[in-house]
Amino acid sequence: MTASTLTPALESRFATARGVADAVLFEGYVLYPYRASAAKNRLRWQFGVLVPPAWTAAADEHDFQHTECLMEPKAEATLAAEVRFLHARRRIVQRLREDGGFETVPELHLTDRVLVPWDEGVEERIEVLATVAELTGDGVVVPFTRPAREESETVRDEDGRTVGRLVRRCEEISGTLRLRAAELDGPYRAMRLTAVVENTSTWTPDADDGDRDAALPRSLVAAHLLLGLDAGAFLSMTNPPEWAAGAVAGCRNLHTWPVLAGEPGRADLMLSSPIILEDHPAIAPESPGALYDSTEIDEILALRTAALTDREKREARGTDDRAAAVIDLADSMPPEVLERLHGAVRALREVTEPGAPAVVAPDGRARVPEEADTYDLVRPDQPWWDPAADDGVDPACDRVLVDGRPVGTGSRVLLRPGLRRTDAQDLFLRGRSALVEAVLHDVDGGVHLAVTVEGDPGADIRREQGRFLYFQPDEIAPLEDA
């Protein structure tokens with residue numbers, strides 16, 4: 001086992017996956033409007049924060065990530081592991097006094113920016129190479145430490161005169177990577193790989209220094225793990241082969257989730273991320289650059305950032321170099337680049353219905369299956385599917401069977417959304433009664449019930465505006481027929 005530089009072949013493949021890994025690393029790093037004074041930027045970092053063990057008792061955060069995945073390594077294979085995280089670096093602003101000394105100030109005004117205190121993120125990387133043979137048994141344990149350090153940067157005005165300085169301090173941080181592999185029972189030559197990343201800092205909070213703000217400089221921020229095999233393959237954890245489905249279901253993944261990474265069609269890289277992703281995630285080609293607040297829509301972020309006042313932009317530029325880059329990007333973005341952010345079609349799927357042999361092809365024309373002898377044209381001014389012209393659907397009259405009872409417009413139902421829903425508002429409505437306003441069918445054959453919640457004082461307005469809540473049939477229970 002070595003804690004050294006990756007081989008050229010592995011380095012090349014890791015480089016492909018680091019684009020997405022960087023997006024994970026810096027997701028939420030600084031949020032629109034990119035100013036330190038904004039309320040949403042006062043609580044820093046939400047994903048993959050591994051706090052010191054002594055802090056876990058005081059907060060609902062964790063000091064470790066536990067990854068389990070399946071792999072099929074070839075003989076003599078080597079596993080490369082790369083732990084990546086941000087080390088919080090606290091920056092204070094100081095002004096030059098007349099006597100030549102420096103004093104700490106809340107802000108320092110320059111022509112193009114306003115410097116303010118801020119926690120910067122320094123990227124850290126721990127690289128480990130180990131043969132698969134070394135991973136069996138007790139596996140390998142790799143401790144790592146990053147020492148405390150302090151540095152200063154002189155601040156000069158537009159005339160080159162010293163007006164202050166930035167003092168940056170990092171606290172000592174320590175952690176451990178544990179890697180272990182074991183063969184699966186059965187005829188298949190596959191192994192379960194376990195990788196655990198831990199924060200092992202000995203820092204203990206006290207009464208004067210015991211909040212999250214004090215714990216962050218000793219935390220592994222946005223921690224995630226890249227895994228690679230130089231010979232062999234990993235199995236998808238979201239779409240495994242049938243023979244491995246049971247073993248995949250038995251894997252324990254805590255505070256992280258592994259997905260296949262790198263180029264589509266390959267399976268020699270795995271990204272274990274605190275943000276749930278699909279296999280082979282990729283950065284949208286339309287993206288002009290990192291905006292760090294990608295839970296929002298890039299187009300909206302770009303437009304809003306360009307519309308900030310000059311004062312707001314000066315503060316954003318002084319908040320962080322990455323925030324300054326976002327401001328410059330929004331100000332310099334040409335119209336054609338902005339237009340590309342408006343939307344893109346990633347894939348088209350053929351849709352056929354009985355009696356309508358023509359289907360839409362990617363070029364916008366109708367394509368006829370081989371068995372058909374007619375050819376139709378989808379006109380640009382005609383939607384490819386018009387619900388108003390489809391006699392087979394009628395939201396006001398259609399009914400759907402739920403627990404053997406017909407449910408349609410006017411039916412009273414009990415809302416029981418399941419955990420598979422990601423919208424927290426739906427869960428808040430669990431157990432409430434509602435009135436079905438319409439039964440809707442989508443082009444994929446799914447059924448959705450538009451409802452208004454009984455007792456909602458705004459129900460009449462929602463009904464008038466057609467703004468309903470939507471649930472699927474397995475998320476409701478009928479109370480009575482209309």
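Details
- Considering all C-alpha pairs of segment 42-106, those separated by over 15 Å amount to 74%.
- Accessible area of V140 in the full protein assembly, 1.4 Å probe (Å², nearest 10): 20 Å²
- Rolling a 1.4 Å probe across the protein heavy atoms gives segment 118-197 an accessible surface of 52 Å² per residue.
- Dipole axis of segment 194-339 (+1 Lys, Arg; -1 Asp, Glu on Cβ), positive-most option in A307, A233, A282: A233
- Per atom type, segment 87-145 shows carbon and sulfur on 49% of its accessible surface, probed at 1.4 Å.
- Per-atom-type breakdown for segment 150-232 gives carbon and sulfur 37% of the accessible area (1.4 Å probe, protein chains only).
- Residue-wise HN-Hα coupling along segment 426-443, computed from phi with Karplus coefficients 6.51, -1.76, 1.60 (Hz; x: Gly, Pro): 4, 5, 5, 8, 4, x, 7, 8, 8, 10, 6, 9, 6, 10, 10, 10, 9, 6
- Note that segment 105-120 has calculated 3J(HN,Hα) couplings of 10, x, 6, 9, 8, 10, 4, 9, 7, 10, 7, 9, x, 6, 9, 8 Hz, one per residue in order, obtained from phi through the Karplus relation 6.51 cos²θ - 1.76 cosθ + 1.60 (θ = phi - 60°); glycine and proline are x.
- The loop-placed trypsin sites (Lys or Arg not before Pro) in segment 242-344, going by DSSP, that have at most 10 neighbouring Cβ atoms within 10 Å of their Cβ come out as R252.
- Note that segment 185-191 has calculated 3J(HN,Hα) couplings of 6, x, x, 8, 8, 10, 10 Hz, one per residue in order, obtained from phi through the Karplus relation 6.51 cos²θ - 1.76 cosθ + 1.60 (θ = phi - 60°); glycine and proline are x.
- Other residues lying with their Cβ under 14 Å from the Cβ of R91 contribute a combined charge of -1, Lys and Arg counting +1, Asp and Glu -1.
- Packing-based order for 98-108, 20-30, using average beta carbon neighbours within 10 Å, highest first: 20-30, 98-108
- Among the trypsin sites (Lys or Arg not before Pro) in segment 31-64, those located in a DSSP loop and surrounded by at most 16 other Cβ atoms within 10 Å of their own Cβ are R42.
- Qualifying trypsin sites (Lys or Arg not before Pro) in segment 86-142, DSSP loop, other Cβ atoms within 10 Å at most 10: R97
- 5 angstrom amide H check on H224, placed H, neighbours 5+ away: R84
The values are calculated or read from the model by the stated rules, or taken from the named source; none is laboratory data. As the structure is a prediction and not an experimental result, all values here were calculated from the model. Heads up, the Cβs are rebuilt from the backbone with ideal geometry, glycines too, and the neighbour counts pull from every protein chain shown. Surface accessibility is based on the protein's heavy atoms, side chains included, excluding ligands, DNA and RNA. Shrake-Rupley method; radii C 1.70, N 1.55, O 1.52, S 1.80 Å.
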